[in-house]
Amino acid sequence: MLLLCTLLTVSQLWAQNRTIHGTVLDENGKPVEKASILAKGTKIGTSTESDGTFTLSIPSNVKSLIISSLNFLKKEIDLNGENQLLIKLEPLNLKLDEVVVVAYGTQKRKELTGSVATISGSTIQDMPVAGPDQAIQGQASGVQVSSQSGTPGGGITIRIRGASSLSAGNQPLWVVDGVPIITSNLQTIAVGGQGLNPLSDLNPDDIQSIEILKDAAAASLYGSRANNGVILVTTKRGANQKTKISFSSQNGIQSVWKKIEPLTGPQYIGLVREEVYNRYGNLIPSPYTNLDALVNALFGTGNGLLIADSLKGISTNWQDLVFRNAPIQNYELSASGGNDKTKFYFSGGYLNQQGTLIGSGYERYNLRMNIENKVSNNFTVGGILSLSRSQNNRLVNDNSIYGVLSAAVLLGSNTPAYNADGSYGRDPNSSVDNPLAVAYEPTISAITNTLNANTYGEWKIKPWLTLKSTFGVNAVNLRESRFYPTTTNSGRGTNGNGYQANTNFYTLLWNDVLTFRKKIDKAGNHELSALIGNEVQTYNYETMNASATNFPGNTIRQLDAGAVKSGAGSNATSNALVSFFSKADYSFKGKYLLGASFRRDGSSNFGANNRYANFYSVSAGWNISEERFLQGNRIVTNLKLRGSYGTTGNRNFGNFAALALVSPGFNINQLPGLSPTQLGNPNLSWENRKATDLGLELGLFNRVNITVDVYKNVTDDLLFNLPLPLNSGFSSIASNIGQITNKGIELSLSANVLKINHFSWDFNANITWNNNRVTKLSGQPFAAGFASWVQEGYALGSFRGYVVDKVFQSKSEISGAPFQNALTSPGDLKFKSLTGGTAITGADQTILGNAQPLYFGGFNNILKYNNFELSIFSQYQVGNLIYNNTRAFAEGMNSVFGQFATTLNRWTPSNPTTDIRYPRAVYGDPNNNRRTSNRFLEDGSYLRLKTVTLAYYLPQSVLKRLTISSMRFYIQGQNLITFTKYSGFDPEISTFGETTTAAGTDFLTVPQARIVSLGLNVTF
Amino acid sequence: MRKLFIILLMFGSTFISCTKVINNQVPQNDIEASKLNDPASIRAALLGAYSASLSGNYMGLRYFIFADLYADNITHVGTFPSFAQIFNKAITPDNVEITNMWSQIYSGINRCNTVIAAATANAATTFTDKNQVIAEAKVLRAYHYFNLLRYWGGNENGYNQGPDANGKSWGVPLRINPTLTGSDAAAIARSSEDDVWKQILADLDATQVIANLAVSNSANTSYNWRIDQKAANALLSRVALYRGDWANAEAKATAVISVAGQSLLSNYAALYGNIGPKQEVIWTLPYDPTNQNSVAFFYFTTAYGGRNEISASTSLNNAHEPGDLRKAVNYTTSASAAIAPPAKTLKYTRVATGDDFIPQIRLAEIYLIRAEARARQGNLAGAESDLNVVRNRAGLPNTLAVTQPDVLTAILNERRVELAHEGHRFFDLRRFNQLGLIGINTADPNSAFRCRFPIPLQEILNSGSIMVQNPGY
């Protein structure tokens, strides 16, 4: 104050002064307190009072004032002789000025030349999902997220700008607090197609923000692991403020949103009799004398009628028995705070998600401590420690006929759930077990203990030069156990079958990064920021297992009780990565931006000739809205053009794929044997991706933000096990073959649509078109999964099979058509001849479509009124096909398996349907109506009302009385409605886990759950 | 300045020391192929070569089951579509069982080639059993090629019958050197049937190979699973029989029968179990709880702990003469319900431990080989004498056949019931040119081609146009 008076006095001596009076208001007309007023070109200034007014005495040669305030756009007002001013400030578009986490550092969004999407922690909080990978579904353009199955804690497939590898992995690199973490499925027990997902042990409530690095400029700094994009996760930190204690709880009920109606017991019996009659007609083969005797022999108990009198009329709906309403609970308690020296964040969480299938569930405990301490003005140390323990009670499912859901679908409804004596009802002629037995009797559990820890020291050598050194560890310990008791088919023969395994997978990381940031000229127009760093990361894997059979009953399930030790083993492997990297960014007046990066990786994975590889990127950006002609424009408030080109790599193909190896384990009579198992390829090298990106960011009226990216990614030297002639003794050799191209357009929009009085409406949406093609493939096209096919010129996930022409309606049609089988009859399917031959052969197959969507995305509406908030988030995928292999079994009408009620539409002489999905029922299917064809290929497009949340914030008046800082109640629905034409359980499936080549296949995959929950967030 | 120096020092030192980290990573579960060059490893590689036959894709289940499933001894009652194709004799080239079987046999061949090459090249003085190791690998290799020819080669009239009606000779690709590099694995064409027979005979040569084998392994092992001279001669007599070389077949059979300490077990049912009785089982595959097979599992119903995929056929049941003690073993009834479900076999019942032994060659078969060889040469009395040895053991009276065709038919039928479930029926029908009995009409080109299995589709695709598919597929 004293200084101000002195200045004023002095200036008054030198020039004529004028006094300006003004009021500063925000966009709603409310006064802005503590806004700072500066006379441009001078050091004279003041700040506004609580009513927004100010008084300032300035020299008369001052032309304008600059008004600035936290959370508002800086405004420059031309004085034009006015002495009374009314100034309205526009709120900051937080999007532009936010600081974004990027590779090895942070950057202001305005200065980015790469394509980075940010998802804030508040968006993914309170979602009833286990891990962050599921939570980001539909939230960012270019990022396609889909669950592989509805199993709790199950695998999630993420594709950023399309799939770019055949077999070296397509999942992005996950970096948590600067440490790339382990995300691979470590299970040693096969439970159908499902896997374990380490990301489900990372509590989403601990996450502050997620950044997705999509193009080369953003991701190239991660070099040989960045082909599939990089996802950076930053966990919550404390702040220099009073300690906040928060508590969240969520309780909900999960239910299955769709069941498929099966045939009733009597309908099933009618179907099997029709199957046999259609096959043999009146030519019953000896020694059977009549149709019933033959049916009994094929389907019955072997020495009785198909259905005993006491069992007639039984109709078991297995799906009703195996699906249940399952509870989900999630609790989190956290404390965050600090002072100017120390900041901390502690949290503890508990999640219990029972599965909608009986006998399954997932339970997790989390603990976290993030601490940072300013040792001195120039030196900061910090550490992160996160522990989690989860138990996953698993069931065999997905891609296995021995699973719970599979048994529920494939066991006929004529089998009772329990026999009169209390034992499980079974069909002795089917290899399918009783689904209740499969669910309740075996024990299959996976306990995962995860440690994520890092410590760092940051030394500010100069204000513009910082050195940060980080040491990190991510360790996953997996303890699996499985026991099949004698009450199951799998355990009966061996008198109990037990297996246990213990696996450790840990990675150690150390890096040093030197960061430089300085305006290199006096006027401050040229700003240069650069970093240079080195890094070493090792991965170590070890596992051991044991198995035993012949147990004294089913109570003791530890292996000590098994009298016959049938197996024991252990193995270990490791790899290491050593890197040097650097990056430079230059900006001129914040208008013109240039960026470049370089990384050199050395990896132990590859052949001696190819240990080291270089990756680089160049990028540029133009902040057009900083140009004079757009300065202060009210319509176009932001306009930026950016582009980048660069290279990344993929090395995820096994640790020693380049070596010629001989392996042990080929034992005979308990003597050890060796055999060659791998052909060497000293030239084996990385996959290499060249990524080009062009982006436009547009802000309108300071309320609407649109980002458009156009990209093209070409991945070469695809790592692949190239098939060899089997007579060489090897089935394949690791090779670099082929090329995959992804081209696409991403669009994302966020807008404050309406803001009047107490009501506001925000809308954001994203949509992506991605075109994927295998542009080169050495060697032959090959099959994958059940119906999938990889061929040059077609997309990954293509389906190939026969084309159904029609349903044969008469014998004359059959004799006039190309030969299919001697027993082809009316009611069988006619397949198209694509070669014009006289018989239908394997050459009459073609590409039928593919599992990639034409476009996908999500949109979110957030409506606020007073203390209420309603958010409606939907997510969709359009144009993808699904191969429904479940129907090949449950609508096959050819054997002992239970069938869906849709088979009532089947072709019969009295119902001569033309629907190719339902030919006639015939035992043994001599015409092979079930062969791979478009009969089982369906449209998998869907629109899902994903998350609807209605929240109420307790008003300030009530909070003050309770001395609570904030309190929020909400009711939420997840997966409430799904619009789809797909006839299977769920359009969001992948029975083969995260495969790309066999994507879009459904075989007895568990559907997603619909969840309704109530929740509470309190902060003290 | 000092700070800068410290920083540079840190960078430099970490980078240099860390490059060692990459070079120190070595496989922990395997050894590099170049290290397979000392006698101990080579002996272990020979054991690895033996173990190729243990696989369920080969002699551990599929190879011998399919010979009865394709014919009339076993029916398909389960759910594998691939098995259904074999049972219906409607195999498509992409059948996964055929592909896996072909792949496993050739894996075995490559292992034999590896052992032979490594042993031949090894000059260590400690390698005293070098010649025996090479000989065992060669006999194994002969066995593999013989097994390949039986399914995929020959013509519609049998084996070693010369070119077929179109002048083509159907053999298999011949590999006699190990595949060590990618270029070694390049596609090769199929050799003629004749060339494959030549290689088999070369690998069973009396002086070059069999003489180097141990005379007898019986004393050393609980199973007769290592190849000794008796087993090699037994295999040679079977090979000669398939080739129609009757004199040689008879001679080798005699050589085997005259080895001391052998006899047919008086109780046929007692032959089977965990260990094959050495006096009758000449060569076997050994299984134990750590190395299990799933034969019983595939037969048994779910109530008995299996998957009920296959059953003994009623045709097989009816093929037994009254009073044949083998009938209850080859087609179980409720009388043995304590051990096995009905319509199965008592030869494979150990589903809990998965350690039924799987016979490769038995003394009974040698008698039947000699009987057939003698009958073909006109020595009917000698043929009947050998035939009766087998019949009497089974509780049957001497054969009533007198003429050569009757004696041969009697031998064919005897082979069916004596060697049921042991992988002979389909091959016997081919040799006797009696495929009509199982519905393959060798006069009709639309049916005759089913006398052979298709070469796996991916083999044809991955060999370019070099490899030719069997006709009809």
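The values are calculated or read from the model by the stated rules, or taken from the named source; none is laboratory data. Worth saying up front: this structure is predicted, and the values here are computed from it rather than measured. FYI the Cβ positions are ideal-geometry reconstructions off the backbone, even for glycines, and counts take in every protein chain you see.
Looking across region B:374-397 at every residue that is in contact with a Gly (Cβ under 9 Å, 6 or more places away or on another chain) and either buried (at least 23 other Cβ atoms within 10 Å of the Cβ) or of a type outside the set (Gly, Ala, Ser) (or both), the one that is nearest to the other protein chains (Cβ to nearest Cβ) is identified as B:Leu396.
Each row is one residue, and each column tells you yes or no for (1) touching a residue at least 40 places away in the same chain (Cβ under 8 Å); (2) part of a loop (DSSP other than H, G, I, E, B); (3) away from chain B (no Cβ under 14 Å).
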site: A:Tyr876; (1), (2), (3): yes, no, yes
site: A:Thr903; (1), (2), (3): yes, no, yes
site: A:Tyr918; (1), (2), (3): no, yes, yes
site: A:Arg931; (1), (2), (3): yes, yes, no
site: A:Val948; (1), (2), (3): yes, no, yes
site: A:Tyr982; (1), (2), (3): yes, yes, yes
site: A:Asp986; (1), (2), (3): yes, yes, yes
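Can you tell me which residue is nearest to A:Gly154 (Cα to Cα) among those in region A:408-444 that are away from chain B (no Cβ under 12 Å) and part of a helix (DSSP H, G or I)? So, considering only residues that are away from chain B (no Cβ under 12 Å) and part of a helix (DSSP H, G or I), the one nearest to A:Gly154 (Cα to Cα) is A:Ala439. The residue pairs whose first member lies in region B:28-40 and is more than 7 Å from chain A (Cβ to nearest Cβ), whose second member is of a type in the set (Gly, Ala, Ser) and in a helix (DSSP H, G or I), and whose beta carbons are closer than 8 Å, counting only pairs six or more residues apart or on different chains, are B:Lys35/B:Ser41; B:Asn37/B:Ala118; B:Asn37/B:Ala121. For region B:327-364, the candidate set comprises residues that are closer than 27 Å to B:Ala410 by Cα and surrounded by fewer than 20 Cβ atoms within 10 Å (Cβ to Cβ); within that set, the residue that is farthest from the chain's Cα centre (by Cα) is B:Thr333. Of the residues making up region A:260-300, those that are surrounded by fewer than 15 Cβ atoms within 10 Å (Cβ to Cβ) and in contact (Cβ under 8 Å) with a residue 60 or more places away in the chain number 1. Of the helices (runs of 4 or more DSSP H) lying entirely inside region B:379-473, the ones with 2 or more residues being under 24 Å from B:Gly154 (Cα atoms) and under 23 Å from the mean Cα position of the chain (by Cα) are found at B:404-418, B:425-431, B:457-462. State yes or no: is B:Asn274 over 27 Å from B:Tyr159 (Cβ atoms) and within 14 Å of chain A (Cβ to nearest Cβ)? Criteria met by B:Asn274. Tell me whether region A:1000-1011 contains one or more residues that are within 17 Å of the chain's Cα centre (by Cα), in a loop (DSSP other than H, G, I, E, B), under 30 Å from A:Pro781 (Cα atoms) and at pLDDT 90 or above. The answer is yes; a qualifying residue exists. Could you count how many residues in region B:151-207 are in a loop (DSSP other than H, G, I, E, B), within 21 Å of B:Arg111 (Cα to Cα) and away from every other protein chain (no Cβ under 14 Å)? Residues meeting the conditions: 2. Counting the residues of region A:231-259 that are assigned to a loop (DSSP other than H, G, I, E, B) and touching a helix residue (DSSP H, G or I) at 6+ places or on another chain (Cβ under 7 Å) gives 2. If only residues of region B:444-467 that are surrounded by fewer than 19 Cβ atoms within 10 Å (Cβ to Cβ) and closer than 15 Å to B:Asp94 by Cα are counted, the one that is modelled with the highest pLDDT is B:Leu457. Annotation note: of B:Ala214, B:Ala189, B:Ala231, the sole residue that is touching a residue at least 12 places away in the same chain (Cβ under 8 Å) and under 21 Å from the mean Cα position of the chain (by Cα) is B:Ala231.
Checking A:Leu661, A:Leu679 one by one, the residue that is surrounded by 22 or more Cβ atoms within 10 Å (Cβ to Cβ) and within 12 Å of chain B (Cβ to nearest Cβ) is A:Leu679 and no other. Region A:741-791 holds strands (runs of 3 or more DSSP E) entirely within its bounds, and those carrying 1 or more residues that are in contact with a Phe, Trp or Tyr (Cβ under 9 Å, 6 or more places away or on another chain) and within 13 Å of chain B (Cβ to nearest Cβ) map to A:782-784, A:788-790.
The number of residues in region A:808-865 being assigned to a loop (DSSP other than H, G, I, E, B) and either more than 14 Å from chain B (Cβ to nearest Cβ) or more than 30 Å from A:Gly940 (Cβ to Cβ) (or both) comes to 23. For region B:61-92, the tally of residues that are under 19 Å from B:Phe300 (Cα atoms), in a loop (DSSP other than H, G, I, E, B) and within 10 Å of another protein chain (Cβ to nearest Cβ) stands at 4.
Number of residues in region B:277-309 that are under 14 Å from B:Phe357 (Cα atoms), modelled with pLDDT under 85 and facing chain A (nearest Cβ under 9 Å): the value is 2. Against the definition (more than 29 Å from A:Glu792 (Cα to Cα), hydroxyl-bearing (Ser, Thr, Tyr) and either away from chain B (no Cβ under 14 Å) or crowded, with 20+ Cβ neighbours inside 10 Å (or both)), how does A:Thr886 come out, yes or no? Spelling it out, it is not the case that A:Thr886 is more than 29 Å from A:Glu792 (Cα to Cα), hydroxyl-bearing (Ser, Thr, Tyr) and either away from chain B (no Cβ under 14 Å) or crowded, with 20+ Cβ neighbours inside 10 Å (or both).
Can you tell me which residue among B:Ala117, B:Ala142 is more than 12 Å from chain A (Cβ to nearest Cβ), under 17 Å from B:Ile176 (Cα atoms) and in a helix (DSSP H, G or I)? It is B:Ala142. Every test in (1) more than 7 Å from chain B (Cβ to nearest Cβ); (2) part of a loop (DSSP other than H, G, I, E, B); (3) within 30 Å of A:Lys712 (Cβ to Cβ) is passed by A:Gly632 save one, and that test is (3). One residue alone among A:Gly154, A:Gly150, A:Gly114, A:Gly162 is in a loop (DSSP other than H, G, I, E, B) and on the phi > 0 side of the Ramachandran plot, and that residue is A:Gly162.
Might you let me know whether region B:316-337 holds any residue that is within 12 Å of chain A (Cβ to nearest Cβ), out of contact with any Lys or Arg (no Cβ under 8 Å at 6 or more places or on another chain) and acidic (Asp, Glu)? Looking for residues that are within 12 Å of chain A (Cβ to nearest Cβ), out of contact with any Lys or Arg (no Cβ under 8 Å at 6 or more places or on another chain) and acidic (Asp, Glu), one finds none in region B:316-337, hence no.
Checking each residue of region B:124-136 against the condition of being surrounded by 23 or more Cβ atoms within 10 Å (Cβ to Cβ), within 14 Å of chain A (Cβ to nearest Cβ) and out of contact with any Ser or Thr (no Cβ under 9 Å at 6 or more places or on another chain) gives at least one match.
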